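What follows is calculated from the coordinates using simple rules that are stated; it is not laboratory data. These numbers come from a predicted model, not from an experiment. Note that we place each Cβ from the backbone using ideal geometry, even for glycine, and neighbour counts take in every protein chain shown.
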Amino acid sequence: MKKFLLNKGFTAVVAVTLGIMSTGVSAAQIYWTDWTGSNQVSTGFQATGTITTGTSSIGVTYTNPQGIGFYNTGVGTDYWTGGSGATSPYTSTAVDNRPTGSDIIALQYAGSQTLQFSQTIANPVFAFVSLNGNGYAFNRDFNLLSLGGVDGNDCGYWGCGSATKVVVDLGGGNFEYQLNSNDVGGTEPHGALQFLGSFDSVTWRSASNEYWNGFTVGVQGTAAEVFPGNSVPEPGSLALLGLGLAGLRFGRKRKTA
């Protein structure tokens, strides 16, 4: 398998292999998306699902103009395996439960994609499988919560591997927050990250045409449930924008879905 290494000339403010980030509270139950339907739209692929919390039903629409690798909606292989309870690659001091079933969207192409929620949601968690040879870049800070093979976690479905959070100074008071696989402890990062606050959409860009890396999304609840009364933050769109991650050398790996 080819190695994917950070370019030594890559400009970064901070490079952290992993700091398990605590939100300062006990682990919360996460309500994961139940992916159900899909449409082959003229501009690529669109999927629909539902997040069911204790009191709400939230519609989720995922749109990817480039298309995807494959899409599991409760049937097929469960790629969220590895450990149980606290030893899962997807649980942490902030996340009590891993994604359930085989629901996953597997990515294949570089480019932008969007998650849209029918209600404003709180503290979204982004779980990922096999971030090998790819990367994501965000324009807002995130907590890298957990990784397979790190801090006592079992490996994920495809194995172990760490990842690096890199904060890049873009100038003018703007920063970019990148998640890159780094080949430390293996080449197959599986894990979860979280954005704190209130959002109604999530947009990000995959950095390479790597087949395949997969994801799903969950929430702590709706903004009204988690931030009751006047403490609800202003709704906003979380734009997770990638600039190509020029400091990475990318390649392909082959897997059988």
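Peptides 57-67, 213-223 ordered by packing proxy, namely the average of other Cβ atoms within 10 Å per residue, highest first: 213-223, 57-67. Averaging the Cα positions of each part gives two centres, and for region 184-225 and region 25-103 these lie 10 Å apart.
Can you classify region 23-240 as rounded, prolate or oblate using the Cα gyration tensor, where a ≥ b ≥ c are the square roots of its eigenvalues, rounded means a/c under 1.5, and otherwise it's prolate if a/b beats b/c and oblate if not?
It is rounded, given that a/c, with a ≥ b ≥ c, falls under 1.5.
Taking amide H atoms as placed 1.01 Å from N in the peptide plane, the amide H of residue 78 has no partner under 5 Å among residues 5 or more positions away or on other chains.
Full extension of the chain between residue 77 and residue 170 yields a length gain of 29.5 nm, computed as 0.36 nm times the residue separation minus the alpha carbon distance. Between the beta carbons of residue 200 and residue 112, assuming R0 = 30 Å, the FRET efficiency works out to 0.95 to the nearest 0.05.
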